[in-house]
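Enquirer: Below you'll find the structure I mean.
The values are calculated or read from the model by the stated rules, or taken from the named source; none is laboratory data. Since we're looking at a predicted model, the values are computed, not measured. Reconstructed Cβ throughout: ideal geometry from the backbone, glycine too, with neighbour counts over all protein chains shown.
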Amino acid sequence: MRNFAVLKEYFLMYKHRIMLGLIALTIVNALQLILPRIVKYAVDGINTGITAGFSLLRFAFFILFISIFMAIFRFFWRYFVLGTSHKIRELLRNKFFEHLQNLSFSYFNNTKTGELMALATNDILAVRRAVGIGIVILTDTIFLTVGSLIMMLRINKLLTLYALIPLPLLSISTFFMGRALHTRFRNVQDAFAKLTDKVQENLTGIRVVKAFVQESFELYNFKAHNQFFVRENMRLVKIWGAFFPLLMLLAGLSTAIVLVWGGRQVIINIITLGDFVAFTLYLGILTWPMIGIGWVVNILQRGAASMGRINNVLETKPEIQDLPHALSVTRPLKGIIQFSDVYFKYSNELPYVLKSVNLLINKKEQIAIVGRTGEGKSTLVNLIPRVFEPESGNVFVDGENIRNYKLNDIRKRIGFVPQDAFLFSLSLKENIGFGRPDIPIERIIEAAEIAQIYDEIMEFPDEFDTVIGERGVSLSGGQRQRIAIARAIILDPDILILDDALSSVDTETEEKIMERLMPVMQERTTIIITHRISSIKDINRIIVIDDGNIKEDGSHEELVSLGEIYKNLYEKQMLKDKLERIN
């Protein structure tokens, strides 16, 4: 049960509600233990002929009165205990989501989205059941077991001992089956996570699936995942399916013993008929805890397995986080960026992507970075907002090691447009002003005009209030990129990074965007990564990265005159553009 330790703060937060719920539950259980005593007196009265019609009515009234009170207090324990379990689920889900927001990018590169979705839904639901109905059944089991045994012992000690003969078998079976259940519950949850991930992956890439006519192949893969999930469930059912009937068998064995031995006790007048009926009723009450043990094991083991999976995420520390005395960024940055002998690789098994990179970018300087695919251009600029950390070497901003700044503060000062422009299922206005609902519409319009997307937005039915589909599926790639550029511009960042942000727009639109962007770029440090060299000829400084290192540095004319890597890239680009115009 160590897995549930993380919930301690929530139990303390709602301790009064939980206590009220458990008190109400205890009252219900106590009243339940009184009912067989009333039945005993009524049966004995009938058997001896003493009880008259009025007395029977009185006993019936007592039973009705107790039943009403049980119904009232049963409502209260459900409200307080089960209601609190829903509140704990909400807090745990919030904590889980908040922790995900704080994890580094590398964690999400190595973790499947479907698995995280399964944790946030199915596993947290299992935890909620464990801390809700699991606590109720556990309390019921303890109270009713002890209470029933006391009342049964008062009737006849020897009969009680005979009735408890199957109990050791129950304990042994619960111990061994409980361990097996925990393992198999965890396997089921893992299989569900894989199935969820497969569905999520398919729906996200449904356009690619249809474009390559891979529906049959995807269906085959889904069936394989689904079959594996069913197979793990069937392995669980084999244990769980045997557990419950075993409990019922042991309960039935106790009833048979009581019927034989208790019946003889009545015949020889050691106990009354009322005692026998009451004893049988108490045994019935005791049967529920015996069955409840099975439910408790089921629910708690499932909850513990799920909580263990959730803890694996909650115990993961962000690889990139603030230092203990990190500096706040309280004023605009100058935008002076320096890379000092920077090395970087994505894992120990992979080669270095960046090797001994040394680069100084001056205040409000505009530079372009070019190079062949996979040479480390995007990796280099991702080190500035600390998406990744250098393996060795340092990155400085305004003369201060970037590690010394508060992470959120430095990122707020950087406008970053990545290669893959991600849009949310919100309105166009909300996507451009993402996270800043207070931005006036005038600024949103201005940013859209600079990004050359304004005219197209005005053609939509609801203009800026048009809600786009998930990931902006209703927009073209070029439209998504331009909205992402507008989103970065509206932040008024001190450093602007465009990572191949115009790859999906045509050459004419790109030239217009660059023309409108030029005044914006001149007010801040700007880094442009592109494969289309024609769009950055007017940039004063161009960096060429090859094999993870800076090979060339200069203006367009200077680099062409060198006659090396840049000139080769430029000539290939010119030839490609010429062929496109011919076609």
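To keep it simple, each residue is scored yes or no on (1) among the small types (Gly, Ala, Ser); (2) under 30 Å from LEU354 (Cβ atoms).
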residue	(1), (2)
PHE388	no, yes
GLY393	yes, yes
ASP398	no, yes
LYS406	no, yes
GLY415	yes, yes
ILE432	no, no
PRO437	no, no
GLU442	no, no
ILE450	no, no
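Enquirer: Can I ask one more? Mind listing whichever residues of region 125-137 are within 15 Å of the chain's Cα centre (by Cα) and surrounded by fewer than 21 Cβ atoms within 10 Å (Cβ to Cβ)?
Expert: LEU125
Enquirer: Tell me, which residue of region 368-387 that is of a type in the set (Lys, Arg) and within 25 Å of ARG413 (Cβ to Cβ) is farthest from the chain's Cα centre (by Cα)?
Expert: First pass over region 368-387, keeping only residues of a type in the set (Lys, Arg): 372, 377, 386.
In the following step, the residues that additionally are within 25 Å of ARG413 (Cβ to Cβ) were identified as 377, 386.
Details: LYS377: 32, ARG386: 23 Å.
The extreme case among them is LYS377.
Enquirer: Can I ask one more? Residue pairs, Cβ under 6 Å, 6 or more apart or interchain, first in region 240-251 and over 16 Å from GLY284 (Cβ atoms), second in a helix (DSSP H, G or I). List them.
Expert: Within 6 Å, the pairs are PHE243/MET177; PHE243/GLY294; PHE244/GLY294; LEU246/SER173.
Enquirer: Can I ask one more? Being aliphatic (A, V, I, L, M), closer than 29 Å to GLY371 by Cα and within 35 Å of the chain's Cα centre (by Cα) narrows it down to one residue among LEU517, LEU498; which is it?
Expert: On the way: LEU517 fails: within 35 Å of the chain's Cα centre (by Cα).
Every option except LEU498 fails the conditions.
Enquirer: Can you tell me which residue in region 477-500 is surrounded by the fewest Cβ atoms within 10 Å (Cβ to Cβ), limited to those that are under 23 Å from PHE460 (Cα atoms) and among the hydrophobic types (A, V, I, L, M, F, W, C)?
Expert: Of everything passing the filter in region 477-500, ILE490 is surrounded by the fewest Cβ atoms within 10 Å (Cβ to Cβ).
Enquirer: If you don't mind, there's one more thing I want to ask. With the condition being surrounded by fewer than 16 Cβ atoms within 10 Å (Cβ to Cβ) and either in the same structural domain as LEU359 (by TED's automatic domain parsing) or touching a residue at least 60 places away in the same chain (Cβ under 8 Å) (or both), I'd like the helices (runs of 4 or more DSSP H) fully within region 369-463 carrying at least 3 qualifying residues.
Expert: Here the list reads 407-412.
Enquirer: Okay, next question. Of LEU281, LEU273, which residue is in contact with an Asp or Glu (Cβ under 8 Å, 6 or more places away or on another chain), surrounded by fewer than 21 Cβ atoms within 10 Å (Cβ to Cβ) and at pLDDT 85 or above? Spell out how you get there, then give the answer.
Expert: Values: LEU281 fails: in contact with an Asp or Glu (Cβ under 8 Å, 6 or more places away or on another chain).
It is LEU273.
Enquirer: If you check GLY554 against the conditions, is it out of contact with any His (no Cβ under 9 Å at 6 or more places or on another chain), farther than 20 Å from ALA501 by Cα and surrounded by 13 or more Cβ atoms within 10 Å (Cβ to Cβ)?
Expert: So GLY554 fits the description; yes.
Enquirer: Note down all Cβ pairs under 8 Å where the first residue falls in region 532-549 and is over 17 Å from MET574 (Cβ atoms), the second is part of a helix (DSSP H, G or I) and of a type in the set (A, V, I, L, M), and they're at least six residues apart or on different chains.
Expert: Sorted first by the residue in region 532-549, then by its partner, the pairs are ILE545/LEU380; ASP546/ILE565.
Enquirer: Still on this structure: Could you go through region 321-339 and let me know if any residue there is within 24 Å of THR113 (Cβ to Cβ), under 29 Å from the mean Cα position of the chain (by Cα) and not assigned by TED's automatic domain parsing to the domain that holds VAL136.
Expert: Yes, region 321-339 contains at least one residue that is within 24 Å of THR113 (Cβ to Cβ), under 29 Å from the mean Cα position of the chain (by Cα) and not assigned by TED's automatic domain parsing to the domain that holds VAL136.
Enquirer: Another question, if that's okay. Against the conditions (1) of a type outside the set (Gly, Ala, Ser); (2) modelled with pLDDT of 80 or more; (3) buried (at least 16 other Cβ atoms within 10 Å of the Cβ), where does LYS112 fall short? Just the number, please.
Expert: Failing condition for LYS112: (2).
Enquirer: Answer yes if at least one residue in region 284-304 is of a type in the set (S, T, N, Q) and either in contact with an Asp or Glu (Cβ under 8 Å, 6 or more places away or on another chain) or over 30 Å from ALA42 (Cα atoms) (or both), and no otherwise.
Expert: So far as region 284-304 goes, yes, one or more of its residues are of a type in the set (S, T, N, Q) and either in contact with an Asp or Glu (Cβ under 8 Å, 6 or more places away or on another chain) or over 30 Å from ALA42 (Cα atoms) (or both).
Enquirer: Among the candidates ILE299, ILE291, which residue alone is among the aliphatic types (A, V, I, L, M), surrounded by fewer than 20 Cβ atoms within 10 Å (Cβ to Cβ) and modelled with pLDDT under 85?
Expert: ILE291
Enquirer: Another question, then. Of the residues that make up region 79-102, is at least one touching a residue at least 24 places away in the same chain (Cβ under 8 Å) and closer than 19 Å to LEU144 by Cα? Full working, then the answer.
Expert: Applying the first criterion (touching a residue at least 24 places away in the same chain (Cβ under 8 Å)) to region 79-102 yields 79-89, 91-93, 95-96, 99-100, 102.
Still in the list and also closer than 19 Å to LEU144 by Cα: 81.
There is at least one residue in region 79-102 that is touching a residue at least 24 places away in the same chain (Cβ under 8 Å) and closer than 19 Å to LEU144 by Cα.
Enquirer: Can you give me the number of residues within region 483-497 that are touching a helix residue (DSSP H, G or I) at 6+ places or on another chain (Cβ under 7 Å) and either charged (D, E, K, R) or modelled with pLDDT under 85 (or both)?
Expert: Result for region 483-497: 1.
Enquirer: Give me the residue from region 320-346 that is polar (S, T, N, Q) and at pLDDT below 90 and, out of that set, surrounded by the most Cβ atoms within 10 Å (Cβ to Cβ).
Expert: If we take residues in region 320-346 being polar (S, T, N, Q) and at pLDDT below 90, then GLN321 is surrounded by the most Cβ atoms within 10 Å (Cβ to Cβ).
Enquirer: Can I ask one more? Return the only residue of LEU100, LEU153, LEU149, LEU91 being over 15 Å from THR26 (Cα atoms), aliphatic (A, V, I, L, M), touching a Phe, Trp or Tyr at 6+ places or on another chain (Cβ under 6 Å) and surrounded by fewer than 20 Cβ atoms within 10 Å (Cβ to Cβ).
Expert: After applying the criteria, what remains is LEU91.
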